[in-house]
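Report on the following structure.
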Amino acid sequence: MSLLKSSRTAFRALTTLALMLFGMSLAHATPTYLRSTVAAPWGQSTNEAAMDSVFGAGSWNDFRYETVDTGALFSGTDFIFMEGGDGTANEMEAFITANSASIGSFLNAGGSIFFNAAPNEGNGMNLLPGVDLVYGPGPFCGSDCNATGPHDIFTDLGFGLPGTSFGGTSFSHAIITGAVSSLIEDLSGNTLLGELAVGNGLALFGGMTTTNFHSPQPGAAILRQNILAYAANAVVTAEVPAPATLALALLGLAAVGASRRKQAA
């Protein structure tokens with residue numbers, strides 16, 4: 001086999017492999033939104049609208065704490081958005097308490113979860129060992145709920161720029177305590193949104209209300225979309241090369257192929 005033919009064969013094989021990996025980076029288990037059968041928080045559908053925007057209508061699971069098959073839940077997805085706002089905090093807490101071992105295993109194995117609750121009931125809850133959602137009721141953040149520094153969720157992830165300072169009727173009803181990296185804080189330095197690496201997975205924790213209460217718009221709605229997109233893709237980008245990396249690899253392979261063709265000429 002000639003050097004030219006050999007280089008072309010190798011290039012085609014590597015290109016095929018790269019494209020397969022790229023496809024794998026885009027294909028992951030169906031994202032899941034999990035809330036209570038009691039009601040949607042404040043009767044709003046803004047969380048569902050955010051899931052539609054990020055993942056596509058009909059392309060995510062819409063499950064309930066009280067009826068979900070937990071075995072299928074933790075084996076059939078790699079991202080869960082757990083919501084417990086308004087009058088559904090007790091139901092979220094009961095689910096977390098009953099399934100704490102499965103939640104830990106899911107995260108350690110590489111899954112990601114966005115825990116979010118702005119309660120109007122209960123007295124807070126333990127989200128993970130060492131991480132608590134504190135509700136007294138309150139404290140509520142209505143203005144100057146600010147980003148603590150640069151982070152992917154404050155960039156344009158395909159939905160626009162969200163901004164870095166938020167407020168509203170009530171941006172949050174609770175704070176997060178524990179060894180988390182704080183992403184958004186109130187003026188007292190309380191964490192309203194934080195994250196924590198857990199084994200091979202990622203957990204985000206929020207005490208935020210639904211985005212209909214938030215300002216400015218559309219920035220606050222974009223922030224929710226960015227949180228979902230960031231959390232859902234945290235595992236995928238760790239498992240396979242990013243598309244940009246694959247593109248560079250393909251360009252490198254093309255350069256090698258061109259060089260070999262010149263040598264063979």
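The values are calculated or read from the model by the stated rules, or taken from the named source; none is laboratory data. Because the structure is predicted, anything quoted here is derived from the model rather than measured. Positions of Cβ are generated from backbone atoms using ideal geometry, with glycine treated the same way; all protein chains shown enter the neighbour counts.
Can you find even one residue in region 252-264 that is surrounded by fewer than 23 Cβ atoms within 10 Å (Cβ to Cβ), within 17 Å of the chain's Cα centre (by Cα), at pLDDT below 50 and of a type in the set (D, E, K, R)?
Within region 252-264, not a single residue is surrounded by fewer than 23 Cβ atoms within 10 Å (Cβ to Cβ), within 17 Å of the chain's Cα centre (by Cα), at pLDDT below 50 and of a type in the set (D, E, K, R).
Restricting the search to region 177-230, which residues are polar (S, T, N, Q) and closer than 16 Å to Phe140 by Cα?
Thr177, Ser188, Asn190, Thr191, Thr209, Thr210, Thr211, Asn212, Ser215
Please state which one of Gly58, Gly76, Gly43, Gly84 is more than 20 Å from the chain's Cα centre (by Cα) and without any contact (Cβ under 8 Å) to a residue 60 or more places away in the chain.
One residue alone meets the criteria, Gly43.
Considering (1) out of contact with any Gly (no Cβ under 6 Å at 6 or more places or on another chain); (2) more than 24 Å from Trp60 (Cα to Cα), say which one Thr210 fails and leave the rest.
So Thr210 meets the others, but not (2).
Working carefully through the options Ser105, Ser143, Ser59, find the one that is farther than 21 Å from Arg224 by Cβ and of a type in the set (Ser, Thr, Tyr).
Ser105
Out of all the residues in region 175-193, which are without any contact (Cβ under 8 Å) to a residue 24 or more places away in the chain and either crowded, with 17+ Cβ neighbours inside 10 Å or in a strand (DSSP E or B) (or both)?
Ser181, Thr191
Could you figure out which of (1) out of contact with any Leu (no Cβ under 6 Å at 6 or more places or on another chain); (2) over 14 Å from Ile153 (Cβ atoms); (3) buried (at least 22 other Cβ atoms within 10 Å of the Cβ); (4) without any contact (Cβ under 8 Å) to a residue 60 or more places away in the chain isn't true of Ser172?
(1)
For Thr30, only one of the following conditions fails: (1) buried (at least 17 other Cβ atoms within 10 Å of the Cβ); (2) touching a strand residue (DSSP E or B) at 6+ places or on another chain (Cβ under 6 Å). What is its number?
All conditions are met except number (1).
Condition check ((1) under 16 Å from the mean Cα position of the chain (by Cα); (2) modelled with pLDDT under 95; (3) of a type in the set (S, T, N, Q)) across all residues:
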{"residue": "Gly178", "(1), (2), (3)": "no, no, no"}
{"residue": "Leu183", "(1), (2), (3)": "yes, no, no"}
{"residue": "Ala197", "(1), (2), (3)": "yes, no, no"}
{"residue": "His214", "(1), (2), (3)": "no, no, no"}
{"residue": "Ile222", "(1), (2), (3)": "yes, no, no"}
{"residue": "Ile227", "(1), (2), (3)": "yes, no, no"}
{"residue": "Ala231", "(1), (2), (3)": "yes, no, no"}
{"residue": "Val235", "(1), (2), (3)": "yes, yes, no"}
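Yes or no: region 129-137 includes at least one residue that is crowded, with 19+ Cβ neighbours inside 10 Å and of a type in the set (Ser, Thr, Tyr).
Taking every residue of region 129-137 in turn, at least one turns out to be crowded, with 19+ Cβ neighbours inside 10 Å and of a type in the set (Ser, Thr, Tyr).
When you scan region 152-167, do you find a residue that is within 21 Å of Pro41 (Cα to Cα), in a strand (DSSP E or B) and of a type outside the set (S, T, N, Q), even just one?
Among the residues of region 152-167, at least one is within 21 Å of Pro41 (Cα to Cα), in a strand (DSSP E or B) and of a type outside the set (S, T, N, Q), which makes the answer yes.
Which pairs do you get when a residue that is over 15 Å from Asp69 (Cα atoms), found in region 92-111, comes within reach of a residue that is assigned to a helix (DSSP H, G or I) and of a type outside the set (Lys, Arg), reach meaning Cβ atoms under 8 angstrom, with the pair 6+ apart or on two chains?
Matching pairs, first to second residue: Ser105/Phe74; Gly110/Val235; Gly110/Ala238; Gly110/Glu239; Gly111/Phe74; Gly111/Val235.
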